[in-house]
Every structure is written in structure tokens, then in C-alpha cells.
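The values are calculated or read from the model by the stated rules, or taken from the named source; none is laboratory data. Given the structure is predicted, the values throughout are model-derived calculations rather than measurements. Here Cβ is always computed from backbone atoms with ideal geometry, including for glycine, and neighbour counts include all displayed protein chains. Remember, those area values only see protein heavy atoms, side chains included, never the ligands or the DNA or RNA. Shrake-Rupley method; radii C 1.70, N 1.55, O 1.52, S 1.80 Å.
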Amino acid sequence: MKVAFATQDLKRVDAHFGWAKNIAIYDIDPDGHRFVEAIAFDGDLKEDGNEDKLAPKIDAIKDCAILYVAAIGGSGAARVVANNIHPMKVNEPEEIEHLLGKLGDVLKGTPPPWLRKALAKGKEKTFDFED
């Protein structure tokens, strides 16, 4: 399962989704996690009302199941959820490694229903009805 983190420094979840300079993406399963990529964004990221800045970010995380953010606006959250990505807000800057550890512990146990659904993202079954 891929997980995205809105970050300014690539170490902590410390950014509003729309204002994030970077999105760090990790792959995680009950056995551990690995860094996949960091995507950098530039331009005037703090320009409120500029919904166009969200499109490249949504595209960058489209195959992620979870997005960790410090904050996210209503339209950004709606667009994230519409792409079957579960937004998770942290109350204060938190180390990405710490969040990955906590998420890994949950995956080793009995994940809640929303997380079991997120785990299935990208693993949907396809059926071939031809004989």
C-alpha cells in the first residue's frame, strides 16, 4: 500500500496539502516500509483559491491509499477522497518515520475497516469472462 506525506522538509508531516513543497511517498505493508519517491512542487503554493495547484498533487498521489497532512482545505479533501485516498490530519508536525512505525503496528494487528479497504487499493480483482 502506498502512503503519501505532505512535507516541507521530507522528514516530517508539517505542511498544508495545497502549500506543500514536497510529497514523500512510501510503500508499506505489515513487514515494513520503503521509500518510493519524493515529488517537489514549486510556484506560488500559498495562493488561496488557486485550485489548479492541486491537480498535479492529486495526480502525484493517485495510486496512494492514505495521505498524511498538517491541514487540508475542503475542496482539496473532497478531491482526495474522490480519488479513493484517505486523508489523515496530524495535530502537530510529526516525523514520517514515526507515523510509518505506528501505521505498520496497526497493519500487523487488526486494522479498522477503513484501513482494510485502503489496503485493497490497487489490488482490485479483475475478471475475464471469455471462455
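Couple of notes before you dig in:
- Were the residues from Arg116 through Ala60 laid out at 0.36 nm apart, the gain over their Cα-Cα distance would be 17.9 nm.
- Reachable lysines, given that their alpha-carbon falls under 19 Å from the alpha-carbon of Lys53 and they are not under 8 places away in the same chain: Lys21, Lys62
- A 1.4 Å probe run over segment 1-101, with the rest of the protein chains in place, finds 50 Å² accessible per residue.
- Residue-count net charge about His98 - beta-carbon cut-off 13 Å; Lys, Arg +1, Asp, Glu -1: -3
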